[in-house]
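Peer 1: Before anything else, here's the structure in question.
The values are calculated or read from the model by the stated rules, or taken from the named source; none is laboratory data. All figures in this text were calculated on a predicted structure; none of them were measured in a lab. Every residue, glycine as well, gets a Cβ built from its backbone with ideal geometry; the counts of neighbours run over all protein chains shown. Surface accessibility is based on the protein's heavy atoms, side chains included, excluding ligands, DNA and RNA. Shrake-Rupley method; radii C 1.70, N 1.55, O 1.52, S 1.80 Å.
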Amino acid sequence: MSARAALATALDRIERYDEDIGALLEVDAAGAAARAAELDRSESHGALHGMPFVVKANMCIEGRIASCGSRMLEGYRAPYTASAVQRLIDEGAVPIGIANMDEFAFGSSGENSSFGSTRNPWDLSRAPGGSSSGSAAAVAARMVPFALGSDTGGSVRQPAALCGVTGYKPTYGVVSRHGLIAFGSSLDAVGVLATSAADVERVLAVISGADERDATSALRAPFEPAPARTDLRGLRVGLPREYFPADLDGRVRQPLEQALDDLRRLGAELVELDLPTTRHAIAAYYVVATAEASSNLARYDGVRYGARIAGDGSLQGMFAATRGAAFGAEALRRILLGTYVLSSGYYDAWYLRALKVRRAILRDFQAAFERVDVLAAPTSPTPAFRLGEKLSDPLAMYLCDVLTVPTSLAGLPAISVPCGCAAEDGVELPVGLQLIGPAFEDARVLSVARCYQAATEHHRRLPPLVAGGVA
Amino acid sequence: MNAAWNAVIGLEVHCQLATASKLFCACRNAFGEPPNTLVCPLCTGQPGALPVLNREALELGLRAALALGCEVAARSKFDRKHYFYCDLPKGYQISQYDQPLCSGGGLTLATGKRVRLKRIHLEEDAGKAIHDRGQVTLVDLNRAGVPLIECVSEPDISTPAEAHEYLSALKEILQFAGVSECDMEKGSLRCDVNVSVHRAGTPLGTKVELKNLNSFAHVVAALEYEIRRQIEAYESGEPSRAPVQETRLFDVQRGETRTMRAKEDAHDYRYFPDPDLPPFHVTREHLERARAHLPELPAARRKRYTDTLGLCEYDAGVMTSSRALADYFEATLRFSSSAKDVANWLGNEVLALFKDPSSGVRAVDELTFKPFDLAQLIELADSGKTNRAGARTILRAMCSTPKAPRELLRDLGLEQIEDTAQLERWCREVLAGSERIVAEVRGGNEKALGALIGPVMKLSGGKAKPQAVRDLLGRLIAERGSAG
């Protein structure tokens with residue numbers, strides 16, 4: 001398929017669906033057309049020749065919007081291109097738009113965007129999940145074959161689950177963070193949303209590998225997919241009891257149990273085990289992540305770029321007025337939390353203790369991986385919830401991440417794959433199966449997901465809105 | 001009573017490292033460029049840009065540690081220090097908090113007193129806010145991200161004079177080691193002071209921090225003022241006057257210090273490990289490379305100059321007043337047999353050039369002639385091919401033309417007059433008009449002869465050899481005497 005044809009399809013679907021869904025903040029049709037024409041003229045074709053994609057608004061593409069879904073950076077255009085995006089461009093992929101997101105990646109519904117909520121393509125009254133809301137919705141509506149997102153505590157996996165697409169968070173350090181606008185630097189991972197694990201692998205092979213511009217990127221060769229497996233014989237799959245509580249939402253439990261049966265039928269051996277530190281993960285995560293966020297967001301002061309509000313005319317007054325007015329409620333809440341836990345007198349009790357919990361969580365996972373090859377769990381405690389449902393209850397929103405933050409704290413690779421739907425009020429709502437592997441065993445996790453998808457059809461199901469229009 | 005008071009002084013010295021590029025990005029590290037021309041996404045705090053440690057900065061930091069005898073930590077890390085200011089692009093400075101590059105070490109003053117170092121750590125410089133342009137504040141980020149080391153002394157210093165000596169010695173060592181230019185005017189060396197006073201045998205007084213010290217002289221003046229202020233405050237016995245823990249600014253015009261920031265306004269910097277920069281390990285290879293690049297330090301050089309080259313203490317001190325001069329001295333020595341002559345020429349004539357704006361050169365690195373040329377010039381003077389004045393004229397000419405000293409000697413006509421007949425004519429001319437002096441000389445006042453040499457030199461256009469003139473004059477006066 002020519003780059004121009006692929007682009008035409010993408011633009012056509014954006015035209016048709018995005019008015020309802022609101023996945024994209026900006027579409028660069030002219031720039032993408034020029035690039036596609038250039039690619040088609042060129043004699044050598046890259047690994048992702050002509051594939052259109054969108055990028056979450058917290059990743060830099062020179063000259064494009066990098067607003068992070070925030071008033072603070074409204075109108076800010078990136079002066080350089082993120083490493084991951086550049087590698088995609090170099091392999092012939094075509095960036096066509098910037099995807100909506102929760103402000104600075106703070107949120108699990110997409111509703112914290114300063115530029116309006118993205119809607120879930122499966123039910124426009126529901127949230128797509130977040131914070132990579134636009135990226136997940138754009139892929140779910142088949143506007144693009146893949147999107148880049150970022151996952152700090154589940155921000156790729158959770159919206160992937162709620163939108164019925166495949167979402168991957170690589171091992172920390174496998175993909176360069178250069179050009180990814182920081183939320184929690186020790187947790188942030190560039191992730192991929194696509195319609196299959198196989199497509200994730202194609203993208204990951206391009207964007208992974210050491211980058212001298214990111215001191216935390218792993219000094220490793222780029223990712224290579226494992227050979228295809230026809231079954232899962234010999235694979236031990238751990239089921240952490242803490243991820244399957246007795247009160248797990250029945251709408252999630254039922255498709256998930258079906259998925260576990262499928263894994264067993266493919267030959268996997270299922271092993272129940274314990275990850276006892278799981279219950280401390282949310283608390284530890286919201287200390288570490290907010291501490292880092294409060295620091296990373298200190299640069300938005302109105303001096304050099306972005307919003308500026310004069311305030312009382314003094315310098316400190318300008319800082320206060322700008323930050324007070326241009327950050328949304330959730331950003332302010334996290335900055336305050338993070339500032340508090342790093343304050344002198346509180347640092348040891350909060351930040352240092354959270355780091356201890358973090359190490360304990362990692363040890364828990366390491367012990368588990370001595371017994372099993374991968375872990376299986378739900379991605380999200382619930383299917384897509386209604387827009388507005390959790391907006392006034394931050395704690396309920398934080399609990400959306402309860403199944404994804406432990407892996408983020410441990411820096412492990414994890415994928416969410418569609419594993420069926422729950423029916424509610426006459427609509428089908430996708431449910432995600434999460435597979436987690438040991439650090440740097442990205443190929444293992446993805447090959448298990450690929451095998452599962454080869455044997456099932458869930459990832460091929462389309463939201464009703466687009467089912468008629470997508471061949 | 002004042003004799004019973006002791007001052008307790010500690011210094012925090014910031015030095016910009018003489019690296020090619022900034023601490024965490026590839027921007028050039030340079031002074032005096034147009035504002036905001038040495039910047040990139042990282043050092044302007046653009047979202048998404050990440051710091052990567054400059055290995056050269058690490059090496060210079062290690063070199064400083066070795067030069068000052070510090071203990072280098074095997075593992076070290078960077079922390080973020082948070083505060084809001086318009087010249088701090090990220091809202092935090094990347095510094096080192098609880099695991100600095102090195103600790104311990106120190107240096108010894110001339111009295112033999114040891115001033116210990118607490119630690120040296122690496123950090124990035126902030127930009128520069130310019131407030132004197134009317135309503136607006138301008139920000140120049142060329143300096144943002146320039147590598148610094150902060151050298152923190154123990155409070156071992158007792159007097160302003162010791163503070164001055166410590167600073168001079170520290171600067172000399174860091175300059176020699178090639179770590180930093182240590183030029184206060186360019187801001188590549190900056191100093192904050194902590195000072196308290198107490199009576200001997202009693203607990204330490206309240207510590208006050210002094211800022212805005214832009215020269216060593218300011219450090220001394222501020223300390224003198226502040227020590228006096230604190231002693232007077234304690235002696236007044238008024239609790240309201242007792243020194244409080246605060247930061248005070250030195251007012252250069254008035255020679256006073258005044259409150260800038262009280263303790264309760266002190267920042268909570270919220271230090272925490274920078275998650276963008278993994279802790280780094282200083283390996284044996286790092287240390288060995290730093291050691292290999294560590295040149296002979298000034299104290300060692302001075303000793304060698306006196307012990308093996310036979311210079312006096314004073315000349316050895318002058319020759320080691322900067323690394324550039326010491327290196328030039330040694331390079332010239334390779335072409336010259338007399339260390340004393342070279343030291344004399346460099347210490348007197350060449351340094352005089354730097355002080356004279358009309359010479360066009362202000363520092364060793366601006367000299368256009370090579371050590372070989374200087375050695376040649378010294379040779380011309382020593383061998384009597386020209387006199388001192390002539391040699392000085394040639395030296396000046398060497399600053400503006402690439403010609404060799406020998407060529408200049410000829411071109412400028414500065415060869416000493418060897419023609420005795422001509423010399424004799426000038427001497428006779430002078431003697432004819434100086435009967436009174438001649439009489440004095442004849443009367444036994446040998447010194448009076450000196451007054452006749454000048455006029456002869458003048459007639460010769462400075463080309464006569466003074467000793468020859470003196471001899472000739474003596475002979476002619478004697479001859480006259482016997483003839484008359």
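Peer 1: Would a scan of segment B:98-120 turn up a residue that is under 25 Å from B:Leu141 (Cα atoms) and touching a residue at least 60 places away in the same chain (Cβ under 8 Å)?
Peer 2: no
Peer 1: Here's a follow-up. Tell me the helices (runs of 4 or more DSSP H) entirely within segment A:325-403 that contain at least 2 residues that are touching a Lys or Arg at 6+ places or on another chain (Cβ under 9 Å).
Peer 2: Details: elements: A:329-342, A:353-371, A:394-398.
Per the criteria, A:329-342, A:394-398.
Peer 1: Let me confirm something: among A:Ser67, A:Ser109, which residue is in contact with a helix residue (DSSP H, G or I) (Cβ under 7 Å, 6 or more places away or on another chain), of a type in the set (Ser, Thr, Tyr), crowded, with 24+ Cβ neighbours inside 10 Å and within 14 Å of chain B (Cβ to nearest Cβ)?
Peer 2: On the way: A:Ser109 fails: within 14 Å of chain B (Cβ to nearest Cβ).
Testing whether each residue is in contact with a helix residue (DSSP H, G or I) (Cβ under 7 Å, 6 or more places away or on another chain), of a type in the set (Ser, Thr, Tyr), crowded, with 24+ Cβ neighbours inside 10 Å and within 14 Å of chain B (Cβ to nearest Cβ) leaves just A:Ser67.
Peer 1: Take the residues of segment A:157-194 that are basic (Lys, Arg) and within 12 Å of the chain's Cα centre (by Cα): which is farthest from the other protein chains (Cβ to nearest Cβ)?
Peer 2: A:Arg157
Peer 1: Let me ask something else about it. In this structure, is B:Leu88 surrounded by 18 or more Cβ atoms within 10 Å (Cβ to Cβ), within 11 Å of chain A (Cβ to nearest Cβ) and aliphatic (A, V, I, L, M)? Working first, answer last.
Peer 2: Values: surrounded by 18 or more Cβ atoms within 10 Å (Cβ to Cβ): yes; within 11 Å of chain A (Cβ to nearest Cβ): yes; aliphatic (A, V, I, L, M): yes.
Judged against the criteria, B:Leu88 is a match.
Peer 1: Within segment A:361-400, which residues are farther than 30 Å from A:Gly164 by Cβ, surrounded by fewer than 16 Cβ atoms within 10 Å (Cβ to Cβ) and of a type in the set (A, V, I, L, M, F, W, C)?
Peer 2: Once the filter is applied, which keeps residues that are farther than 30 Å from A:Gly164 by Cβ, surrounded by fewer than 16 Cβ atoms within 10 Å (Cβ to Cβ) and of a type in the set (A, V, I, L, M, F, W, C), segment A:361-400 yields only A:Ala367.
Peer 1: For segment A:17-54: of the residues being within 28 Å of A:Ser109 (Cβ to Cβ) and aliphatic (A, V, I, L, M), which is surrounded by the fewest Cβ atoms within 10 Å (Cβ to Cβ)?
Peer 2: To start, the set of residues in segment A:17-54 that are within 28 Å of A:Ser109 (Cβ to Cβ) comprises A:17-28, A:52-54.
Pick out the ones that are also aliphatic (A, V, I, L, M) and you get A:21, A:23-25, A:27, A:54.
Details: A:Ile21: 27, A:Ala23: 32, A:Leu24: 24, A:Leu25: 23, A:Val27: 18, A:Val54: 30.
The selected residue is A:Val27.
Peer 1: Identify, from the list B:Val438, B:Val469, the residue that is β-branched (Val, Ile, Thr), buried (at least 19 other Cβ atoms within 10 Å of the Cβ) and more than 30 Å from B:Leu377 (Cβ to Cβ).
Peer 2: Values: B:Val469 fails: more than 30 Å from B:Leu377 (Cβ to Cβ).
Just a single option satisfies the conditions, and that option is B:Val438.
Peer 1: Turning to a different aspect of this structure: Counting only residues that are of a type outside the set (A, V, I, L, M) and at the interface with chain A (Cβ under 8 Å from one of its Cβ atoms), which one in segment B:40-62 is nearest to A:Arg177 (Cα to Cα)?
Peer 2: This residue is B:Gly48.
Peer 1: OK, next. What's the number of the condition B:Ile378 fails, among (1) part of a helix (DSSP H, G or I); (2) over 30 Å from B:Ala324 (Cβ atoms)?
Peer 2: The one condition B:Ile378 does not meet is (2).
Peer 1: Would you point out which residue out of A:Gly267, A:Gly302 is surrounded by fewer than 24 Cβ atoms within 10 Å (Cβ to Cβ), within 11 Å of chain B (Cβ to nearest Cβ), without any contact (Cβ under 8 Å) to a residue 40 or more places away in the chain and not in a helix (DSSP H, G or I)? Step through it out loud before you land on a result.
Peer 2: Values: A:Gly267 fails: within 11 Å of chain B (Cβ to nearest Cβ).
Checking each option against the conditions leaves just A:Gly302.
Peer 1: Looking at (1) away from every other protein chain (no Cβ under 14 Å); (2) in contact with a Phe, Trp or Tyr (Cβ under 8 Å, 6 or more places away or on another chain), which is the one condition that is false for A:Ser42?
Peer 2: (2)
Peer 1: Let me ask something else about it. When A:Ala281 is evaluated against the numbered criteria (1) outside any helix (DSSP H, G or I); (2) under 30 Å from A:Ile181 (Cβ atoms), which criterion, by number, is the only one it fails?
Peer 2: Condition not satisfied by A:Ala281: (1).
Peer 1: Out of (1) away from chain A (no Cβ under 14 Å); (2) part of a loop (DSSP other than H, G, I, E, B); (3) not acidic (Asp, Glu), the odd one out for B:Leu107 is which?
Peer 2: (2)
Peer 1: Just for segment A:1-55: of the residues that are assigned to a helix (DSSP H, G or I), of a type in the set (A, V, I, L, M, F, W, C) and under 30 Å from A:Asn112 (Cα atoms), which one is nearest to the chain's Cα centre (by Cα)? If you could, list the steps in order and put the result at the bottom.
Peer 2: First, pick out the residues of segment A:1-55 that are assigned to a helix (DSSP H, G or I): A:3-21, A:29-41.
Adding the requirement that they be of a type in the set (A, V, I, L, M, F, W, C) leaves A:3, A:5-8, A:10-11, A:14, A:21, A:29-30, A:32-34, A:36-37, A:39.
Still in the list and also under 30 Å from A:Asn112 (Cα atoms): A:7, A:10-11, A:14, A:21, A:29-30, A:32.
Values: A:Leu7: 24, A:Ala10: 21, A:Leu11: 23, A:Ile14: 21, A:Ile21: 18, A:Ala29: 25, A:Ala30: 27, A:Ala32: 24 Å.
For segment A:1-55, the residue satisfying everything is A:Ile21.
Peer 1: OK, next. Would you pick out the residues in segment B:225-261 that are acidic (Asp, Glu) and open to solvent by less than 80 Å² (accessible area, probe 1.4 Å)? Give the derivation first.
Peer 2: So the first thing to find is which residues in segment B:225-261 are acidic (Asp, Glu), and the list is B:226, B:232, B:235, B:238, B:246, B:251, B:256.
Scanning segment B:225-261 gives B:Glu226, B:Glu246, B:Asp251, B:Glu256.
Peer 1: Would you pick out the residues in segment A:174-223 that are more than 12 Å from A:Leu148 (Cβ to Cβ), aliphatic (A, V, I, L, M) and open to solvent by less than 10 Å² (accessible area, probe 1.4 Å)?
Peer 2: A:Ile181, A:Leu187, A:Ala197
Peer 1: OK, next. Based on this model, can you work out whether A:Asp151 counts as of a type in the set (D, E, K, R), more than 14 Å from every other protein chain (Cβ to nearest Cβ) and closer than 24 Å to A:Leu25 by Cα? Talk me through it step by step, then tell me what you get.
Peer 2: Working: of a type in the set (D, E, K, R): yes; more than 14 Å from every other protein chain (Cβ to nearest Cβ): yes; closer than 24 Å to A:Leu25 by Cα: yes.
Yes: the conditions hold for A:Asp151.
Peer 1: Looking at A:Ala218, A:Ala293, A:Ala310, which is the one that is free of Cβ contacts under 8 Å to residues at least 12 places away in the same chain and either within 27 Å of A:Ala66 (Cβ to Cβ) or away from every other protein chain (no Cβ under 14 Å) (or both)?
Peer 2: On the way: A:Ala218 fails: free of Cβ contacts under 8 Å to residues at least 12 places away in the same chain; A:Ala293 fails: free of Cβ contacts under 8 Å to residues at least 12 places away in the same chain.
Answer to the check: A:Ala310.
Peer 1: Looking at segment B:219-278, which of its residues are farther than 30 Å from A:Leu297 by Cα and aliphatic (A, V, I, L, M)?
Peer 2: Passing the criteria: B:Val219, B:Val220, B:Ala221, B:Ala222, B:Leu223, B:Ile227, B:Ile231, B:Ala233, B:Ala242, B:Val244, B:Leu249, B:Val252.
Peer 1: So, in segment A:285-299, how many residues would count as being open to solvent by 10 Å² or more (accessible area, probe 1.4 Å) and under 13 Å from B:Leu88 (Cα atoms)? If you could, list the steps in order and put the result at the bottom.
Peer 2: Of the residues in segment A:285-299, the ones open to solvent by 10 Å² or more (accessible area, probe 1.4 Å) are A:286-287, A:299.
From what is left, the residues that are under 13 Å from B:Leu88 (Cα atoms) are A:299.
Here the count works out to 1.
Peer 1: How many residues does segment A:97-151 hold that are among the hydrophobic types (A, V, I, L, M, F, W, C) and farther than 27 Å from A:Tyr286 by Cα?
Peer 2: If we filter segment A:97-151 for residues that are among the hydrophobic types (A, V, I, L, M, F, W, C), which is where we start, we get A:98-99, A:101, A:104-106, A:115, A:122, A:124, A:127, A:136-141, A:143-144, A:146-148.
Remaining after also requiring farther than 27 Å from A:Tyr286 by Cα: A:98, A:122, A:124, A:138-141, A:143-144, A:146.
Qualifying residue count, segment A:97-151: 10.
Peer 1: A further question on this structure: Of the residues that sit in segment A:78-94 and are within 11 Å of chain B (Cβ to nearest Cβ) and among the β-branched types (Val, Ile, Thr), which one is surrounded by the most Cβ atoms within 10 Å (Cβ to Cβ)?
Peer 2: A:Val85
Peer 1: Another one. Do we find a residue being in the same structural domain as B:Arg190 (by TED's automatic domain parsing), closer than 30 Å to B:Phe84 by Cα, β-branched (Val, Ile, Thr) and under 25 Å from the mean Cα position of the chain (by Cα) anywhere in segment B:252-259?
Peer 2: So far as segment B:252-259 goes, yes, one or more of its residues are in the same structural domain as B:Arg190 (by TED's automatic domain parsing), closer than 30 Å to B:Phe84 by Cα, β-branched (Val, Ile, Thr) and under 25 Å from the mean Cα position of the chain (by Cα).
Peer 1: Checking A:Gly75 against (1) assigned to a helix (DSSP H, G or I); (2) under 30 Å from A:Asp301 (Cα atoms); (3) more than 13 Å from every other protein chain (Cβ to nearest Cβ), only one condition comes out false. Which one?
Peer 2: So the condition that A:Gly75 fails would be (1).
Peer 1: Another question, then. Among the residues of segment B:306-321 satisfying the criterion of being within 19 Å of the chain's Cα centre (by Cα) and surrounded by 13 or more Cβ atoms within 10 Å (Cβ to Cβ), which is modelled with the lowest pLDDT? Steps first, answer last, please.
Peer 2: Filtering segment B:306-321 for residues within 19 Å of the chain's Cα centre (by Cα) gives B:313-321.
If we keep only those that are surrounded by 13 or more Cβ atoms within 10 Å (Cβ to Cβ) as well, we get B:315-321.
Values: B:Asp315: 94, B:Ala316: 94, B:Gly317: 92, B:Val318: 93, B:Met319: 94, B:Thr320: 91, B:Ser321: 86.
My answer is B:Ser321.
Peer 1: Right, here's the next one. Kindly evaluate B:Lys77 against the criterion of being under 30 Å from A:Thr322 (Cα atoms), charged (D, E, K, R) and surrounded by fewer than 23 Cβ atoms within 10 Å (Cβ to Cβ). Let's see the steps before the verdict.
Peer 2: Details: under 30 Å from A:Thr322 (Cα atoms): no; charged (D, E, K, R): yes; surrounded by fewer than 23 Cβ atoms within 10 Å (Cβ to Cβ): yes.
Taking the combined requirement at face value, the residue does not satisfy it.
Peer 1: If you take the residues of segment A:225-281 that are more than 19 Å from A:Gly432 (Cβ to Cβ) and aliphatic (A, V, I, L, M), which of them is nearest to the chain's Cα centre (by Cα)?
Peer 2: Restricting to residues being more than 19 Å from A:Gly432 (Cβ to Cβ) and aliphatic (A, V, I, L, M), the top hit is A:Ala226.
Peer 1: Determine whether segment B:454-462 contains at least one residue that is basic (Lys, Arg) and either closer than 22 Å to B:Asn344 by Cα or open to solvent by less than 60 Å² (accessible area, probe 1.4 Å) (or both). Please lay out each step first, then the result.
Peer 2: Keep residues of segment B:454-462 that are basic (Lys, Arg), which gives B:458.
Subset that is either closer than 22 Å to B:Asn344 by Cα or open to solvent by less than 60 Å² (accessible area, probe 1.4 Å) (or both): none.
No, every residue in segment B:454-462 fails to be basic (Lys, Arg) and either closer than 22 Å to B:Asn344 by Cα or open to solvent by less than 60 Å² (accessible area, probe 1.4 Å) (or both).
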